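A.B. asks: Attaching a single structure in C-alpha cells format; questions to follow.
The values are calculated or read from the model by the stated rules, or taken from the named source; none is laboratory data. Predicted model, so just to flag it, every value in this text is computed and none were measured. Positions of Cβ are backbone-derived with ideal geometry, glycine not excepted, and every protein chain shown enters the neighbour counts.
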Amino acid sequence: MDIFETNDALTIVIALPGVDPDQVQVTLSAGVLIVSGERPLPSGLKDAQIHRLEIPHGHFQRRIELPPARLEVSGRHLANGCLMLQLHKS
C-alpha cells in the first residue's frame, strides 16, 4: 500500500491482484479507512492440491489510520490489480 498527500487530497494505492471490483468495500470512519473484500481461488481449483500459495485468498480487511484531517472518499478506481482511492480534504 502506498499513501500520497497533497495540499487538498490523499491518494491511496492498494495492490489487490485477482480481486473483482464488485468484491471491494471501502469505509471511512473516525480517521480510519477500512478496505475489505474477497479474493476467491481461481475457478476449478478449489479441490486442487496446493504446492505454493503466495497470494492470499479468501476474505481480507485492511485498516488504515489516516493523518488527521476531514476527509471524504471522492474517487475510486481499480485497474491493473491496484485500487486507487482519492480522499478529498474538506
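A.B. asks: Restricting attention to the stretch 81-90, which residues are modelled with pLDDT of 90 or more and out of contact with any His (no Cβ under 6 Å at 6 or more places or on another chain)?
C.D. replies: Once the filter is applied, which keeps residues that are modelled with pLDDT of 90 or more and out of contact with any His (no Cβ under 6 Å at 6 or more places or on another chain), the stretch 81-90 yields Gly81, Cys82, Leu83, Leu85, Gln86, Leu87, His88, Lys89.
A.B. asks: Continuing with the same structure: Surrounded by 11 or more Cβ atoms within 10 Å (Cβ to Cβ), within 29 Å of His88 (Cβ to Cβ) and polar (S, T, N, Q): which single residue out of Gln23, Gln61 fits that description?
C.D. replies: On the way: Gln61 fails: surrounded by 11 or more Cβ atoms within 10 Å (Cβ to Cβ).
After applying the criteria, what remains is Gln23.
A.B. asks: Kindly evaluate Leu10 against the criterion of being farther than 20 Å from Gly58 by Cα and surrounded by 10 or more Cβ atoms within 10 Å (Cβ to Cβ). Let's see the steps before the verdict.
C.D. replies: On the way: farther than 20 Å from Gly58 by Cα: yes; surrounded by 10 or more Cβ atoms within 10 Å (Cβ to Cβ): yes.
Against the criterion (farther than 20 Å from Gly58 by Cα and surrounded by 10 or more Cβ atoms within 10 Å (Cβ to Cβ)), Leu10 qualifies.
A.B. asks: Also: Just the residues that are closer than 20 Å to Met84 by Cα and either assigned to a loop (DSSP other than H, G, I, E, B) or touching a residue at least 60 places away in the same chain (Cβ under 8 Å) (or both), please, taken from the stretch 22-55. So that I can check it myself, show each step before the final result.
C.D. replies: Taking the stretch 22-55 first, the residues closer than 20 Å to Met84 by Cα are 22-29, 31-39, 55.
Across the stretch 22-55, the qualifying residues are Gly31, Ile55.
A.B. asks: Looking at the stretch 67-81 only, could you name the residues that are without any contact (Cβ under 8 Å) to a residue 40 or more places away in the chain and out of contact with any strand residue (DSSP E or B) (no Cβ under 6 Å at 6 or more places or on another chain)?
C.D. replies: Pro68, Arg70, Ala79, Asn80
A.B. asks: I'd like the full set of residues that are assigned to a strand (DSSP E or B) and either in contact with an Asp or Glu (Cβ under 8 Å, 6 or more places away or on another chain) or among the small types (Gly, Ala, Ser) (or both), limited to the stretch 61-90.
C.D. replies: Ser74, Gly75, Ala79, Leu87, His88, Lys89
A.B. asks: Let me confirm something: among Leu45, Leu71, which residue is over 12 Å from the mean Cα position of the chain (by Cα) and surrounded by fewer than 14 Cβ atoms within 10 Å (Cβ to Cβ)?
C.D. replies: Working: Leu71 fails: surrounded by fewer than 14 Cβ atoms within 10 Å (Cβ to Cβ).
None of the others qualify; the one that does is Leu45.
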